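The values are calculated or read from the model by the stated rules, or taken from the named source; none is laboratory data. All figures in this text were calculated on a predicted structure; none of them were measured in a lab. Note: ideal-geometry Cβ built from the backbone for every residue, glycine included; neighbour counts use all protein chains shown. Side chains included, ligands, DNA and RNA excluded: accessible areas come from the protein's heavy atoms. Shrake-Rupley method; radii C 1.70, N 1.55, O 1.52, S 1.80 Å.
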Amino acid sequence: MSTSFIQNYKRYLNQKQLKMKKTILTAAALLLVSLAPTVLHAQTYVLDKTIDLTGEGGYDYVSIDKVNNRLYASHGTMVNVVDLATEKQVGVIDNLKGIHGIAIDNKANRGFISDGKANAMVAFDLKTLKVVATIPLEGASGPDAIIYDPFSERVFSFNGESKNASVVDANTLKQVGTVDLGGGPEFAVPDGKGLMYNNLEDKNSLNVIDTKTLKVVKNYPLAPGGGPTGIALDEKNHRTFSVCRENKAMEVMDVISGKVVATVPIGAGVDAVAYDPETKLVFCSNGDATTTIIKQESADKYTVVQTLATQNRAKTMALDTKTHKIYLTVATYEGTTRKVVPNSFKILVYKLSK
């Protein structure tokens with residue numbers, strides 16, 4: 001057999017193998033393209049149902065008790081309690097003055113309500129929903145957001161008018177201190193390791209609070225963000241998500257360096273934000289009848305993947321990380337007024353489409 005024949009045959013085999021590789025790569029690319037709509041569709045949210053709630057008046061924060069599988073919705077002078085298994089109202093905590101938020105401490109089996117009009121914190125039993133104590137807050141005016149810190153086993157109420165935070169021991173139900181915040185606080189989130197991150201709405205900045213010493217240890221500017229309200233935390237990547245009304249954006253901060261690493265456009269009149277570490281989605285509930293849904297591509301890269309149509313003034317929200325559903329409280333208003341139509345308070349439930 002000649003040498004030239006062998007060389008030609010080898011070239012033939014090499015060319016054939018090259019063609020096969022190109023065919024396989026082309027097929028793989030086509031498969032990825034065909035799967036792309038499916039992946040996108042899998043992270044699209046749709047309306048699941050509405051849950052009618054009793055009572056009258058305005059509304060504010062929504063909280064979820066993961067252990068007891070319940071949702072708590074603040075509502076004027078009462079709290080509406082929903083069983084998340086049946087998604088029906090199962091009780092109320094009433095006869096309050098004018099409430100804002102609800103914090104959950106499963107270790108002590110207690111919930112805590114910030115009563116803004118009474119300048120007090122109200123503790124209740126998570127199983128029976130019975131009030132166990134009303135704690136007057138010394139030096140507080142206008143308790144609003146309320147957060148339980150598992151590291152210190154303390155409850156913090158953030159007081160908008162007095163620009164401080166009242167701190168209560170979750171076990172003794174006694175006030176143990178006050179934190180001077182240096183500005184008007186909005187929502188806050190603990191890292192579970194002794195720090196609390198708190199937005200200052202009038203200072204356009206973020207406080208870092210030591211939950212043991214009750215001191216502000218750092219303050220970081222949120223520029224270009226202005227008028228921050230809600231805040232959420234990605235514990236793994238040490239990123240906070242502060243949603244801002246003035247520039248209609250979500251500011252992502254590296255809380256190790258104190259630097260804003262991303263600014264993402266959102267809707268108008270934002271109030272709440274939630275982060276789902278499993279789906280890598282961030283939800284920003286806006287008062288303009290939208291919820292902006294953002295995909296976390298990496299610690300510092302974010303993309304808006306959906307502008308979910310909701311209802312006007314549906315700006316308070318909670319995320320159930322078990323089911324990945326989001327719950328938004330809302331009511332119908334009379335025209336352009338702030339007067340709520342009687343018996344119109346409800347929860348809008350949105351789920352991932354299948």
Selection count, the range 114-141, where residues are within 14 Å of residue 178 (Cα to Cα) and either in contact with a Gly (Cβ under 6 Å, 6 or more places away or on another chain) or acidic (Asp, Glu) (or both)
1
Of all residues in the range 324-346, count the ones that are over 20 Å from residue 145 (Cα atoms) and surrounded by 14 or more Cβ atoms within 10 Å (Cβ to Cβ).
9
Scan the range 272-302 residue by residue and report those that are acidic (Asp, Glu) and open to solvent by 20 Å² or more (accessible area, probe 1.4 Å).
278, 288, 297, 300
Mind checking whether some residue in the range 307-318 is farther than 13 Å from residue 285 by Cβ and either free of Cβ contacts under 8 Å to residues at least 12 places away in the same chain or surrounded by 13 or more Cβ atoms within 10 Å (Cβ to Cβ) (or both)?
no
Of the conditions (1) under 27 Å from residue 58 (Cα atoms); (2) surrounded by fewer than 22 Cβ atoms within 10 Å (Cβ to Cβ); (3) of a type in the set (Gly, Ala, Ser), residue 205 satisfies every one except a single condition; which number is it?
(1)
Can you pull out the residues in the range 166-181 that are open to solvent by less than 50 Å² (accessible area, probe 1.4 Å) and touching a Leu at 6+ places or on another chain (Cβ under 7 Å)?
166, 167, 177, 179, 181
The range 213-236, residues that are in contact (Cβ under 8 Å) with a residue 24 or more places away in the chain and in a loop (DSSP other than H, G, I, E, B):
214, 222, 223, 224, 225, 227, 235, 236
Residues in the range 323-337: is at least one assigned to a strand (DSSP E or B), farther than 16 Å from residue 231 by Cα and modelled with pLDDT under 95?
yes
Which residues, counting only those in the range 73-99, are open to solvent by 50 Å² or more (accessible area, probe 1.4 Å) and more than 20 Å from residue 344 (Cβ to Cβ)?
85, 86, 90, 95, 97
Flagged pairs (Cβ under 9 angstrom, 6 or more apart or on separate chains; first in the range 38-56, surrounded by fewer than 14 Cβ atoms within 10 Å (Cβ to Cβ); second outside any helix (DSSP H, G or I) and at pLDDT below 80) are 41/354; 42/354
Consider residue 61 carefully, then state whether it is under 19 Å from residue 159 (Cα atoms) and either exposed (fewer than 15 other Cβ atoms within 10 Å of the Cβ) or under 16 Å from the mean Cα position of the chain (by Cα) (or both).
yes
Residues in the range 145-159: is at least one under 17 Å from residue 211 (Cβ atoms), open to solvent by 40 Å² or more (accessible area, probe 1.4 Å), assigned to a strand (DSSP E or B) and at pLDDT 95 or above?
yes
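Results for (1) modelled with pLDDT under 95; (2) in a loop (DSSP other than H, G, I, E, B); (3) among the polar types (S, T, N, Q), shown as yes or no for each residue.
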site	(1), (2), (3)
257	no, yes, yes
274	no, no, no
303	no, no, yes
318	no, no, no
Residues that are in contact (Cβ under 8 Å) with a residue 40 or more places away in the chain and touching a Phe, Trp or Tyr at 6+ places or on another chain (Cβ under 7 Å), drawn from the range 332-346:
340, 345
Please enumerate the residues belonging to the range 135-146 that are more than 12 Å from residue 114 (Cβ to Cβ) and of a type outside the set (Gly, Ala, Ser).
136, 138
